[in-house]
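Heads up: the structure comes next, in structure tokens.
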Amino acid sequence: MNIIVAKHAGFCSGVKRAIETTEETALNDKAYVYGQLVHNERVIEDLEKKGIKFVEDIDDIPENAVTVLRAHGEPGITYQKLKQKNISGEKLKDATCPLVKLVHSAAIKLKNNGYEVVIFGKKNHPESIGTSCYIRGKDTFIAENPDDASDVIDYINKNNFGKVAIISQTTMSVKGYNKLVQNINKSFNNKFEQLSLNLKDLSKPFVFVDTICNPTKQRQADTEEIAKKADVMIVIGGKNSSNSKELVVKCKELNVETYFIQSAEELKKEWFTDKEHIGVTAGASTPDITINEVVGKIKNIAI
Ligand code: SF4
């Protein structure tokens, strides 16, 4: 039996930073976190045990309370509402990942330069909701998968936009994004051209910008490499974790038997019957301890 663990698996830099910010804040203050800090239940439970309070509604945060903002980013209205509660400056610990902020800045710059910005992302994901608010609020067009290309084309044609820019949520599938652009370009005479993230040349009317973050790309590339060799793939991640779900899709696309779990307890002995090569990968919000527990349990039951 051979267990292959992805080189890039588990916490990305943005998740590490968000957790460290929260833990440091809680050392000196009673800390509130607005929203799910990262999409992993174990991480949240561990932080709750340290006295950190998670709230989904700003009304549940007391005035003047020290508050941490999650890694996925927040729209401007969140900062305004917190300011009304006297939560700003030293009292506001912004754990938004710098790579998400980069997408916000790009979206705003594109919008200010006359582009209609379309997002490739998940409509219910906090990152896409946040980015959308920086563009057109609720009306920003969000394409969830490559098959939505025809809807994007209808939207552009119906509104006769002169300039359109497509960007992506940081955790989407690289392959899916390329496919969406290809599908759009098929009906659009290849008008959409790639624009680099530094946005230097804003004269081209139809552009797409690669805003998927590098940690997501590394995890997808490693997972693909392992899945090509494996007889069975174990993907570890929170059920709400967008980047973990993309890893599952990637494995299934390669026709590998794949199981998506949150913890070692979910592993079943029969998954490993007659399997020689076992691949293990994990989303960006999965702690190392969970990955180690999963690998340890596989060693015990897959004999
Ligand atoms: S997945 Fe990428 S954008 Fe999201 S927190 Fe991690 S590094 Fe930042």
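Where a number appears in this text, it was derived from the coordinates with a stated rule and is not lab data. Keep in mind the model is a prediction, meaning the values are calculated, not measured. Neighbour counts are summed over all protein chains in view; Cβ atoms, including those assigned to glycine, are modelled from backbone coordinates with ideal geometry.
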Next item on the list: Apply the Karplus parameterisation 6.51 cos²θ - 1.76 cosθ + 1.60, with θ equal to phi minus 60°, to every residue of segment 297-302 and state each ³J(HN,Hα) to the nearest whole Hz, in sequence, with x for glycine and proline.
Entry: 5, 4, 4, 6, 9, 8
Next item on the list: Rounded to the nearest Å, what's the spacing between the alpha carbon centres of segment 1-54 and segment 93-107? Just the number, please.
Entry: 18 Å
Note to self: From the helices alone, meaning DSSP H stretches of at least four residues, give me the mean residue ellipticity at 222 nm for the chain, per-run term -39500 (n - 2.57), in deg cm²/dmol to the nearest 500.
What the structure shows: -13000 deg cm²/dmol
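Assuming a ≥ b ≥ c are the square roots of the Cα gyration tensor eigenvalues, decide whether segment 99-212 counts as rounded (a/c under 1.5), prolate (otherwise, with a/b larger than b/c) or oblate.
Details: a/c = 1.29, a/b = 1.12, b/c = 1.15.
Because its axes are fairly even, with a/c under 1.5, segment 99-212 counts as rounded.
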Next item on the list: Run the quick spin-label model on residue 90 and residue 16: label points 7 Å from Cα toward the beta carbon, then report their separation in nm to one decimal.
Entry: 2.9 nm
Checklist line | 12 Å reach of a label modelled at residue 53, 7 Å along Cα-to-Cβ, counting backbone N of segment 9-44 | finding: 30-34
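Cross-link list 50/93; 122/252; 138/163; 85/163; 93/163; 93/200: which exceed 29 angstrom alpha carbon to alpha carbon? Walk me through the intermediate numbers first.
Details: 50/93 17 Å; 122/252 20 Å; 138/163 20 Å; 85/163 39 Å; 93/163 36 Å; 93/200 31 Å.
Violating the 29 Å Cα-Cα cut-off are 85/163; 93/163; 93/200.
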Margin query: Per residue of segment 63-77, what does 6.51 cos²θ - 1.76 cosθ + 1.60 with θ = phi - 60° give for ³J(HN,Hα)? Whole Hz please, x for Gly and Pro, Karplus curve as stated.
Written below: 4, 6, 6, 6, 10, 9, 9, 5, 5, 6, x, 10, x, x, 4
Next item on the list: State the Cα centre-to-centre distance between segment 150-166 and segment 192-206 in whole Å.
Entry: 16 Å
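Test of understanding: what is the full-extension gain from residue 151 to residue 102, defined as 0.36 nm times their sequence separation minus their Cα-Cα distance? Spell out each step's value before the answer.
Working: separation 49, 0.36 × 49 = 17.64 nm, distance 2.67 nm.
My answer for the length gained is 15.0 nm.
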Check: Could you state the number of Å between the C-alpha centres of segment 224-261 and segment 275-301?
Finding: 12 Å
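Quick one: if the Förster radius is 25 Å, what FRET efficiency do residue 273 and residue 225 give, using the C-beta to C-beta distance and rounding to 0.05?
Numbers: r = 25 Å, r/R0 = 0.98.
Calculated value: 0.55.
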Checklist line | Derived scalar couplings ³J(HN,Hα) [segment 226-240; Karplus, 6.51 cos²θ - 1.76 cosθ + 1.60; whole Hz; x for Gly, Pro] | finding: 5, 4, 5, 9, 8, 8, 8, 10, 10, 10, 10, x, x, 5, 9
Next item on the list: Quick one: which residues, 5+ away or cross-chain, put their amide H under 5 Å from the amide H of residue 258? H built at 1.01 Å from N.
Entry: 233
Next item on the list: Run the quick spin-label model on residue 292 and residue 240: label points 7 Å from Cα toward the beta carbon, then report their separation in nm to one decimal.
Entry: 2.7 nm
